[in-house]
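Input: a single structure, listed below in structure tokens.
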Amino acid sequence: MTGIIRRFGGLAGMLAVVLFFAINLPETFLTARNWLNISQQVSMLAVVAATMTVVMVMGDFDLSVGSMASLAGVVAAVLFVQEVSIPVAILAALGVGLLGGLFNGVMVSLVGILPFVATLATLTVFSGIAFVVSDGRTIFGRDIPAAFGDFARGGPQIGMVDERALILPNLTLVAVVVIVLIWIVLEQTSYGRRLYAIGGNSEAARLAGLPVMWLRLSAFAFTGVGAALAGLMYASRVASANPTQGDGLMLTAIAAVFLGMTLTRDGQPRVLATLAGVLVLGVLDNGLTQMRVDSYVREVLVGAIILIAVGLSALGRRGLTRRA
Amino acid sequence: MPQLDLDTLGRRFGAVQALDGVSLTLRSGEVHALMGENGAGKSTLIRILAGLDRPDTGAMRLDGNSLPLANPVAMRAAGLRFIHQELHAVRGLSVAENMHLDRPYPRRAGLVHWRKLNADAAAALARLGLDRLDPRRPMTDLGAGDQMLVRIAGTLVGEAGAAPWLYVMDEPTAALTTAESERLFEVIGELVRQGAGVLYVSHRMPEVLRLAHRVTVLRDGKHVSTRPMAETGQDRIIEEMTGRSLSGLFPERRSDILGETILEVHGLSAGALRSADFDLRAGEILGVAGVSGSGRGALLRAILGELRARAGEVRLDGRALIGGPAQAWARGLAYVPRERRSEGLMLGRAITENVALPHLGPLARAGLFLDPRRQAGLAEEQGRRVRLKAASLTQACEELSGGNQQKVLFARALAGGPRVLLLDEPTRGVDIGARFEIYRLIRQLSDEGLGVVMASSDLPELLGLSDRVAVMRDGRLAEIVTAEGLSEAGLLQRFYHQDGRENAA
């Protein structure tokens, strides 16, 4: 019984949030246009949170994703200034993400620094490099190729509402592809299952002869590339890049994974649950903004809701263990 | 029919000859019990079998061919599998996934082939008659017993050719309930019927009497006997396990009269402890005995208040203790835990800090500021009292021998001027010299009027030090017997008293 409440309590809470906004914003909230809008707003968060799930599955986390996102955007923009072609600039930015992620992996897995400390340090390092590379300036306007900025605004048309085209944003599509990919990696490959084994009982994983070190190291590559991709998406959306624009992503992404964990059996991180967490945060942000709730008050509300969800889940779990 | 010969294996750790020329033959198709007291050499033998430790002398041969020593991969390839009492299960993964931890998942087009994964697991479970376990269930849903059975079944997944044939089980029932143990025994029976051999290590006599075809007894690292079950029995095994004299190790029992009652425990139940009643008088040493898992440690933790009491009470000097460990320490209970490395010491820190840890408040200047000189003074005074041997009091505890680490914990316990000492396995992993000093210290403290409650798995220690011995059975304090005149065999028999009857019925 407690299990059912715990498992579906979170879902019920989410539905309550949606219902609340649907009642208070009858005109605008439950429209296709608004939901497509939400999907675009959360697409970058979704990419970071999905890749964050890969390391959180092992009980690790990566604090450097925000500054990596900024760095990747800046790197691409600087290359644009040098008139490098769009595909090459994108590949270079993703390459930076891969290298940064692997560097985190080496620090955590081979050197053996706690993920909190290692990625806190690389957070500063990546952020510093982003300032150095960009000279501390925002790169925008004619320096950014039009095609790059247009990508985020475009997307396949899926219908007409009130004489206006309904567009499925490209950024949403990118996020969907990433989530499907991460879902396959985590749920359908033995690689992903090994990561879950490490998170569940690293001692058992070691005794079973799994290459724990390499698995941990490689998993950090996902967060690096994911963060870089999110940085590019952001740069495309605002058609500019500056060395701090990804900073907000890290805490929200970790919060989304934790919210998702409250929905799963055993409280494991799973990528579809993470997606649900991302949507909750996106819906809250969207709804509260539309209700003209002050943005500072909004932050207090969102933080409180995360505490309540995770707190209730922790209490439920404690109840379960006490019974057992 | 494979056969593994162990030939005159010897292993020395420092001054201790842990294994002394032990020869043994393990065959498929039978359960071979390995018996011996703590320190008899069982664990060393198992570590050598697992390839985790290199014997100083001797050899291992599989069907006459020499096996490389200290090579875990080779021992695995030779068909040995090890089932330990600690479960190494990944609780979040499914049963089938747990059975594939040490082998590749079946794959199709690069992705996990879930149907085959589950089918392989189901087939392996079925071979042991465990059809009732659904391979898709998460491991969390299973009890400790079923998790162990899954672990055993996991060794049978997809094995063709070099199938495992010898299972080494080290106290497999330690964490299991009676019903779970029953199911394990059925599975062991099934394994043996299918031709596997089992080396079964357990302290639980009834299990051994029931399962084993042959019994080997080790004592002090030496091979005492290997006999078919028909030629031996409980009395003979116990006699062979304990047949030694250790009288010189223990200080003279004092003859004076004990003081007034200081600790009263009434109807206490908490955690694994189901019930306990006793009084402890000043100057008395009460031993707490019983097989592992009988609730020895839980009794101490319940007295300390670390396990919250479901029922009953603990009174110190006539006043009830209700405030948990902090109040217990403040009122004069001191506890020396069983796992000194994980529960006792800050290994990387200096002796001084370790001794002063629970006493920082009273030692502080003006109740606020740490006073390193007072701390050092305390550590020095108590260190002398427990005959601590260290280069300096600033030495980190991890550099000390096991015996001296234990003395640091004693110094810490004594620094607060306690009335009652709770000791859990006070000489575990301590060499014989330090052991003797710890015995003298315990005796001296009781002479000074402290009450001592000492849980131990070491029979000579219980009998040599205690005034009375409380026997734990199945979570209950079953009886308290006077140690004077009690023999090891007599005490050991009391461990099994009830179990023996149940099995006879």
A:PRO269 - would you say it is within 14 Å of another protein chain (Cβ to nearest Cβ), at negative phi and either among the charged types (D, E, K, R) or assigned to a loop (DSSP other than H, G, I, E, B) (or both)?
yes
In the set B:LEU149, B:LEU117, B:LEU111, which member is more than 14 Å from every other protein chain (Cβ to nearest Cβ) and either under 21 Å from B:LEU184 (Cβ atoms) or more than 31 Å from the chain's Cα centre (by Cα) (or both)?
B:LEU149
Please state which of the following conditions B:ALA470 fails to meet, knowing it meets all the rest: (1) farther than 18 Å from B:SER294 by Cα; (2) hydrophobic (A, V, I, L, M, F, W, C); (3) modelled with pLDDT of 85 or more.
(1)
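Just to check your reading of the model, which residue among B:PRO104, B:PRO68 is within 30 Å of B:ALA121 (Cα to Cα), in the same structural domain as B:VAL224 (by TED's automatic domain parsing) and not small (Gly, Ala, Ser)?
B:PRO104
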Output the number of the condition that B:ALA77 fails; it satisfies all remaining conditions of (1) within 13 Å of another protein chain (Cβ to nearest Cβ); (2) within 15 Å of B:PRO164 (Cβ to Cβ); (3) under 27 Å from the mean Cα position of the chain (by Cα).
(3)
Unique residue being under 27 Å from the mean Cα position of the chain (by Cα) and touching a residue at least 12 places away in the same chain (Cβ under 8 Å) when the list is B:GLY41, B:GLY58:
B:GLY41
Tell me whether the stretch B:289-305 contains one or more residues that are farther than 30 Å from B:GLY36 by Cα and small (Gly, Ala, Ser).
yes
In the stretch A:158-206, anything within 10 Å of chain B (Cβ to nearest Cβ) and not in a helix (DSSP H, G or I) is listed as A:THR189, A:ASN201
Output the number of residues of the stretch B:61-74 satisfying the condition of being within 28 Å of the chain's Cα centre (by Cα) and either closer than 19 Å to A:SER190 by Cα or of a type in the set (S, T, N, Q) (or both).
1
Are any of the residues in the stretch B:346-354 farther than 25 Å from B:SER292 by Cβ, among the acidic types (Asp, Glu) and in the same structural domain as B:LEU445 (by TED's automatic domain parsing)?
no
State the number of residues belonging to the stretch A:30-53 that are more than 11 Å from the chain's Cα centre (by Cα) and either under 30 Å from A:MET213 (Cβ atoms) or not in a helix (DSSP H, G or I) (or both).
2
Output the number of the condition that A:MET291 fails; it satisfies all remaining conditions of (1) modelled with pLDDT under 90; (2) surrounded by fewer than 21 Cβ atoms within 10 Å (Cβ to Cβ).
(1)
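Examine the stretch B:88-98 for a residue that is basic (Lys, Arg), away from chain A (no Cβ under 11 Å) and either free of Cβ contacts under 8 Å to residues at least 40 places away in the same chain or on the phi < 0 side of the Ramachandran plot (or both), and state whether such a residue exists.
The answer is no; no qualifying residue exists.
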Among the listed residues A:GLY231, A:GLY246, A:GLY200, identify the single one that is modelled with pLDDT of 95 or more and of a type in the set (Gly, Ala, Ser).
A:GLY231
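The values are calculated or read from the model by the stated rules, or taken from the named source; none is laboratory data. None of the values given here were measured: they were computed from a predicted structure. Because the Cβ atoms are built from the backbone with ideal geometry, glycine has one as well, and the counts that use them run over all protein chains shown.
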